[in-house]
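Novice: Can you keep this structure in mind? I'll have questions shortly.
The values are calculated or read from the model by the stated rules, or taken from the named source; none is laboratory data. Since we're looking at a predicted model, the values are computed, not measured. Here the Cβ positions follow ideal geometry from the backbone for every residue, glycine too, while neighbour counts run over all protein chains shown. Ligands, DNA and RNA are excluded from the accessible area calculation, which covers all protein heavy atoms including side chains. Shrake-Rupley method; radii C 1.70, N 1.55, O 1.52, S 1.80 Å.
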Amino acid sequence: MRLITALILVIFSASVVLAQEFDFTTTEQIAEFEKKAYKSALESQLNTLIYRNYFDVTKQIIDIEVEPGIQFIEGTITTEFNLLESGYSTIVLNCHDSLRISEAKIEGAPVNYTQGEDLLNIKFGTELEVNKKYRLELKYEGIPPETRAFSSDTNSYGDSVLWTLSEPYGAKDWWPCKQDLQDKIEDLELRVTVPAKYKVAANGLLESVAPVGNSKLKYIWKHQYPIVTYLVAFAVSDYVVVNEVLQLEEGPMNFVNYIYPQDTAEALADLKEFKNTMQLFEKLFGPYPFRKEQYGHAQFSWGGGMEHQTMSFMVNFKHGLVAHELAHQWFGDMVTCGTWKDLWLNESFATYCDGLTYDFLFNEGAWENWKNITIDLITSAPGGSVNIPDTSDVDRMFSGRLTYRKGSYVLHMLRYKMGDTAFFKAIRDYLEDEKHNYGFARTEDLIWHLKANGGYKIDEFFNDWFYAQGFPIYELQWHQTDKGKLHLVLNQEQSYIWEGVFFDMEVPIQIVDDATDTTLVIDHTESGQEIILDWELPVRAVFLDPKRWILKCKESKVTQLDYEIDEVAYKIAPNPIQNELNLLFSKPILPELDIAIYDLMGNVIFQEKINTRISQKQLTIDTSTLLNGAYALTVKDYWKKTSLKFIKVKGN
Ligand SMILES: [Zn+2]
């Protein structure tokens, strides 16, 4: 109930927002960017290590010294961990071979280690104890590889900037870490020493800035929420820092922006919708997940954006990108995809949340445009599923058309199927489920909550719309008789014919007559599905899914069938017949044909009322039991009765 009230309030206040121009191609830029980041990381590590989750990292302190413009890092990584399983005397961390460890200590005492194949083996000599906290210190330095995980260069203004972007496998390129989708770091500290003219942005809260000699400053950032390794990040540049306290319904919240000095005015102008966006997401999905700390942006110099936990890195501050990365704080950061195959749980939600801002915060035109453009892009090719069949195909994995856009429309359709109240409750339940809240979720976890909130035929829905390729092409045919009946027939073909899937969906149909405007829903389970309604007033127009709830081919159409008296001609072909009689119609006809077969003596041999479909153009009657000979067939339709002769031969 609280949700509904909130939504009404938002819709009401949205009416005062003026028309605005949006760049709806942001999603493609984001997808392209994220793909590049992933690809370079993947290529740099041919063998992705998937190892057993036998130890739990509870705390890490990254204490490093860097300088923008110089591709070099040195420092100390302190890792606290517990062993989860017995029988191990070695801990394996991910660490690029170009980073050289100069010292390793456990509880202050030196331990042996080896490096190779981008792995760091810490050898303790004796078996570690289960559930005891260990503290490992690693001193290291090196030149991080040019994979974009650690980029120290200049921005478009020629100013030095240094930033990290580790998704998915790049963290090891700049620090020894445990890089997987199984373990989150509960407590993180980033201590970054830089020349005094720079500022450092990172995860969590800035605790202190202190001089450390040589005209250098040490920035200490602390983050005390679970964080997956690929979201740990920092950025360094000569930033302008803009701090703001947002007054939100959930309470005040710090919002901080690290912006290039040249871009400050434009960035702040672009961020004017930010507060409303945050307010909307908090209403729909619950309080911002890292509320005890803050949210912020740090500008960086490549591609689009990256949803680093509590501090998204942004190429600019345009609304679509801002909304996408903010949504990731719930979808991707608090609840992280449990495998890369579940990447849509991050990206489809972030894409749809961008769409939701147009629905709830802006005028109807912006929302219609978003849906229209999204459908255009998805249907620009006939095949493709949201499901990622192969995560080694990086282009497919980060497909803006499928993992981002088609997934976002699947969510939009689920919202229609379930209604706003149940849909948003299911999403909130999914986010808040303690099984994966601040942890990792799989697609099955989302499906479970959709079903638990009354989702109808959810497995069938996922089979058709998530796993299968393509989309439906609809044709809605309608005809109103002068006897006050409205006939509707909904046909469906598929864009990707090789899969043979039928897209089950509840399809809204709008019917407008002189006095009423009615929307009814056809639970579409087969092509040619027909509905006959009593409808006295002349129907002026019929629309198929006018509000674009369904992903469908743009060639989908509505056809009004016109009938004139006596225009349908019937024919039996072939004639003579054998075991089957084929009755052909010159045009599609209205349902309910009275059919009878008489022998030469005038005896009724067969009589049946047959319901045909409007699209149907022939009818087959089993005549295997008829004796050989001559017969008459009468067919009575809506207007007239027709008599035809035929001969039965052989077959008996
Ligand atoms: Zn994204």
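Novice: What's the FRET efficiency of VAL245 with ILE143 using the Cβ-Cβ distance as r and R₀ = 30 Å, to the nearest 0.05? Please report the intermediate quantities before stating the final value.
Specialist: Numbers: r = 41 Å, r/R0 = 1.36.
It comes to 0.15.
Novice: I'd like to check one number: the per residue accessible area of segment 53-238, probe 1.4 Å, reported in Å² as a whole number. Could you put the intermediate results ahead of the total?
Specialist: Details: 6960 Å² over 186 residues.
Using a 1.4 Å probe on heavy atoms only, each residue of segment 53-238 averages 37 Å².
Novice: Just read off the accessible area of ARG442 with the full protein assembly in place, 1.4 Å probe, to the nearest 10 Å².
Specialist: Approximately 90 Å² for this residue.
Novice: Can you tell me the 0 to 90 degree angle between the C-alpha axis of helix 274-285 and the longest principal axis of the chain, rounded to 10?
Specialist: On a 0 to 90 degree scale, this one is about 60.
Novice: Could you give the angle, 0 to 90 degrees to the nearest 10, between helix 407-418's Cα long axis and the longest principal axis of the Cα atoms of the chain?
Specialist: 60 degrees
Novice: Just to confirm a number: summing +1 for Lys and Arg and -1 for Asp and Glu over residues other than PHE423 whose beta-carbon lies under 9 angstrom from that of PHE423, what do you get?
Specialist: Counting the neighbours of PHE423, the net charge comes to +2.
Novice: Just add up the charged neighbours of ARG548: K/R +1, D/E -1, any other residue whose Cβ is under 14 Å from the Cβ of ARG548.
Specialist: Combined, the nearby Lys, Arg, Asp and Glu give +1.
Novice: What accessible area, in Å² to the nearest ten, does a 1.4 Å probe give for MET418?
Specialist: 30 Å²
Novice: Relative to the longest principal Cα axis of the chain, at what angle does helix 364-378 sit, 0 to 90 degrees, rounded to 10?
Specialist: Long axis of 364-378 versus the principal axis of the chain: about 90 degrees.
Novice: Quick check on the chain: helices-only [θ] at 222 nm, where DSSP H runs of length 4 and up contribute -39,500 (n - 2.57) each and the sum goes over total residues. Nearest 500, please.
Specialist: That calculation yields -6500 deg cm²/dmol at 222 nm.
Novice: Continuing with the same structure: Enter the per residue convex hull volume of segment 53-238, computed from alpha-carbon coordinates, in Å³ rounded to the nearest integer.
Specialist: In segment 53-238, the Cα convex hull volume per residue is 114 Å³.
Novice: Rounded to the nearest Å, what's the spacing between the alpha carbon centres of segment 340-396 and segment 433-455? Just the number, please.
Specialist: 20 Å
Novice: Which whole-number percent of Cα pairs in segment 570-648 have a distance greater than 16 Å?
Specialist: Looking at segment 570-648, the distances longer than 16 Å represent 46 percent of pairs.
Novice: Continuing with the same structure: Evaluate the Debye formula for segment 485-544 with equal point scatterers sitting on the alpha carbons, no solvent, and hand back log10 of I(q)/I(0) at q = 0.22, 0.28 Å⁻¹, in q order, two decimals.
Specialist: -0.89, -1.23
Novice: With 20 Å bins from zero, work out the P(r) of the chain over every alpha carbon pair and list the percent per bin.
Specialist: 17, 40, 24, 13, 6, 0
Novice: Now a separate question. Divide, for segment 354-503, the radius of gyration over alpha carbons by 2.2 N^0.38 Å, where N is the residue count.
Specialist: Rg over 2.2 N^0.38 Å, computed on Cα atoms: 1.21.
Novice: GluC sites (Glu not before Pro), restricted to segment 401-464: which are DSSP loop and have at most 15 other Cβ atoms within 10 Å?
Specialist: Those satisfying the criteria are GLU434.
Novice: Where does the charge balance sit around LEU248 when Lys and Arg score +1, Asp and Glu -1, over other residues with C-beta under 9 Å from its C-beta?
Specialist: Charge balance near LEU248 sits at -2.
Novice: If you wrap a convex hull around the Cα atoms of segment 303-413, how much volume per residue is inside, in Å³?
Specialist: Cα-based convex hull of segment 303-413, divided per residue, equals 111 Å³.
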